[in-house]
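Step one of this worksheet: look at the structure below.
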Amino acid sequence: MKEKMIRLNVNGEIYETRVDVAVTLAEFLRDDLGLTGTKIGCNEGECGACTVIYNGKPVNSCLVTAAETDGGEVLTIEGLAGEELHPLQQAFLDAGAVQCGFCTPGMIMSAKAILDQNPHPTREYIRKNMEGNICRCTGYNRIIDSIMLAAERL
Ligand code: FES
Ligand code: FES
């Protein structure tokens, strides 16, 4: 097993640790840091359940190794809320966009990346930019409703 020392900012906290170079960022977050809000679905870049924001951009954390993120900054769903839920989290609840919830953390992180880039997106823009996030429960309309709602509130 080959290891590498990494220094990584996760949700504002610095972690300096050795990682197996084969371990993905998703596994590292969940197994080493206990941040289990990031979900692993397909584990091959197809479902978006593992989406986190890495250096300001949404990434599928199952496709990146923890070793590759050395020196970077990661934001996970756990880092989003302050004293209160983040407006996106609240909007997902208010608009009924959460059913089983498995896709929700990844959806919300992708939505955050969209609103960071485009604070007033159209439904079409959201739909296009959320194509990598799969939900088996909601049919997507309520997810888009909630992102529109969060955009209004933000
Ligand atoms: S678990 Fe990473 S894209 Fe599905
Ligand atoms: S709420 Fe169940 S997969 Fe999206």
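Every number here is computed from the coordinates shown, using simple stated rules; none is lab data. Just so it is clear, the model here is predicted, and its values are computed rather than measured. Virtual Cβ from ideal backbone geometry, glycine too; neighbours counted across all protein chains shown.
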*Note down the Stokes-Einstein diffusion coefficient of the range 3-79 in µm²/s, whole number, using a Kirkwood radius over alpha carbon pairs, 25 °C, and 0.890 mPa s.*
205 µm²/s
*Kindly rank 24-32, 56-64 from highest to lowest mean number of other beta carbons found within 10 Å of each residue.*
24-32, 56-64
*the chain - charge dipole about Cα centre, Lys and Arg +1 at Cβ, Asp and Glu -1, debye rounded to 20*: 400 debye
_From phi via Karplus (6.51, -1.76, 1.60), per-residue ³J(HN,Hα) for the range 93-102 in Hz, x at Gly/Pro_ = 5, 5, 8, x, 8, 10, 10, 6, x, 5
_Along the Cα→Cβ direction, 7 angstrom out, place labels at Leu93 and Ile14. What is the inter-label distance in nm?_
3.4 nm
*Roughly how tilted is helix 104-117, in degrees to the nearest 10 and between 0 and 90, from the longest Cα axis of the chain?*
80 degrees
*List, in order, the whole-Hz ³J(HN,Hα) value for each residue of the range 12-25 obtained from phi through the Karplus relation with A = 6.51, B = -1.76, C = 1.60 and θ = phi - 60°; use x for Gly and Pro.*
x, 9, 8, 10, 10, 7, 8, 10, 5, 5, 8, 6, 7, 4
*Return the calculated 222 nm mean residue ellipticity for the chain, to the nearest 500 deg cm²/dmol, obtained by summing -39500 (n - 2.57) across DSSP H runs with n ≥ 4 and dividing by the residue count.*
-8000 deg cm²/dmol
*asked:* Quick check of the Kirkwood formula: for the chain, what is the inverse mean of 1/r over all pairs of different Cα atoms, in Å?
replied: 15.7 Å
*asked:* Within the chain, how many Lys pairs that are eight or more residues apart, or on different chains, come under 26 Å at the alpha-carbon?
replied: 9
